[in-house]
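First the structure, in the form of structure tokens, and then the observations on it.
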Amino acid sequence: MTASDVRESQSRNWAMRVRAPAPGSIAVIKATLFVLALTPLARLVYGVFADRLGANPVEFITRDTGDWTLIFLSLTLAVTPARWLLHWPWLLKLRRMLGLYTFFYALLHFTTYFWLDKFFDLTAIGRDILKRPFITVGFAAFVLLVPLAATSTNRMVKRLGAHNWRRLHRAVYLIAPLGILHFWWMKAGKHDFHRPIVYGSVLAVLLAARIVHFWWVRRVTSRAEAALNPTTGQGMRTLGSKVPGKVSSA
């Protein structure tokens, strides 16, 4: 065996390990992700005690938790396209954790507003929801996130049924644009649209990837069904055209 053969064999083995890692490796990846996802919270806690959150700590915490909500939402939505592109089915094992961290930082974001900003003043909060559009859509996005987080366990999947569970969790495709709209309108007062455009572009690409993928799958499936359906002449012609040496009658 030559050196090139050895390298090729090692590359194949590495590719197989990446596509189908051992259960122990997946556990390590999930544990690492769990710890890394807590880093933004640890940074905030340190900033509070070290007095490093600037002149307006409440605003800093509100903006930071909002940013991380959108980041984890983007990562959650990136799992499926990455699985298609890289052929790594095990990435799905990370999606639930990423989704729960999306809700976790959204909850911190809402709690900061509800507690530190408004001091549990329900009248003021209700007035904001009714009169300030960016708070209206942000509150709507948070409310839609709650049932997704509450039904994220395997037990709830079985209780709801896989079909109903999937239908419920498609709400994320509404939550994502609402989150971007919340951020956009919040920044509109200062005419600072750079970061909303960045987040919006990322989420638009991730959602567009799903549309393109499902369109392609449906197209391929329709062609395959037409080719295998013996009751239609078109199907028979398609089959005939694929037999070597046979000329299609079309």
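The values are calculated or read from the model by the stated rules, or taken from the named source; none is laboratory data. All of these numbers come straight from a predicted model, not from anything done at the bench. FYI the Cβ positions are ideal-geometry reconstructions off the backbone, even for glycines, and counts take in every protein chain you see. The accessibility values were calculated without ligands, DNA or RNA, using every heavy atom of the protein model including side chains. Shrake-Rupley method; radii C 1.70, N 1.55, O 1.52, S 1.80 Å.
Need at least 3 residues that are modelled with pLDDT of 95 or more and either open to solvent by 50 Å² or more (accessible area, probe 1.4 Å) or more than 27 Å from R170 (Cα to Cα) (or both) per element, so show me which helices (runs of 4 or more DSSP H) inside the range 1-111 make the cut, counting only ones lying wholly within it. Spell out the reasoning first.
Details: elements: 3-19, 23-37, 39-50, 57-86, 92-111.
Ranges flagged: 23-37, 39-50, 57-86, 92-111.
Among the helices (runs of 4 or more DSSP H) confined wholly to the range 115-233, which include 2 or more residues that are in contact with a His (Cβ under 9 Å, 6 or more places away or on another chain) and closer than 17 Å to L70 by Cα? Talk me through it step by step, then tell me what you get.
Details: elements: 122-131, 133-150, 154-160, 162-169, 172-188, 194-228.
It comes to 133-150.
If you scan the range 173-198, which residues turn out to be open to solvent by 40 Å² or more (accessible area, probe 1.4 Å), over 12 Å from A140 (Cα atoms) and touching a residue at least 12 places away in the same chain (Cβ under 8 Å)?
Y173, W184, W185, M186, R195
Residues in the range 155-172 that are under 19 Å from L75 (Cα atoms) and either in contact (Cβ under 8 Å) with a residue 24 or more places away in the chain or loosely packed, with under 15 Cβ neighbours inside 10 Å (or both): how many? Working first, answer last.
From the range 155-172, those under 19 Å from L75 (Cα atoms) are 166, 169-172; that's our starting set.
Checking which are either in contact (Cβ under 8 Å) with a residue 24 or more places away in the chain or loosely packed, with under 15 Cβ neighbours inside 10 Å (or both) leaves us with 166, 170-172.
Count: 4.
With the requirement that a residue be over 20 Å from A141 (Cβ atoms) and polar (S, T, N, Q), what does the range 199-224 give you?
Of everything in the range 199-224, those that are over 20 Å from A141 (Cβ atoms) and polar (S, T, N, Q) turn out to be T221, S222.
List every residue pair whose Cβ atoms sit under 7 Å apart, with the two residues 6 or more apart in sequence or on different chains, where the first one lies in the range 52-63 and is closer than 15 Å to A106 by Cα and the second, anywhere, is in a loop (DSSP other than H, G, I, E, B).
Partner pairs satisfying both residue conditions: F60/L53; F60/G54; I61/L53.
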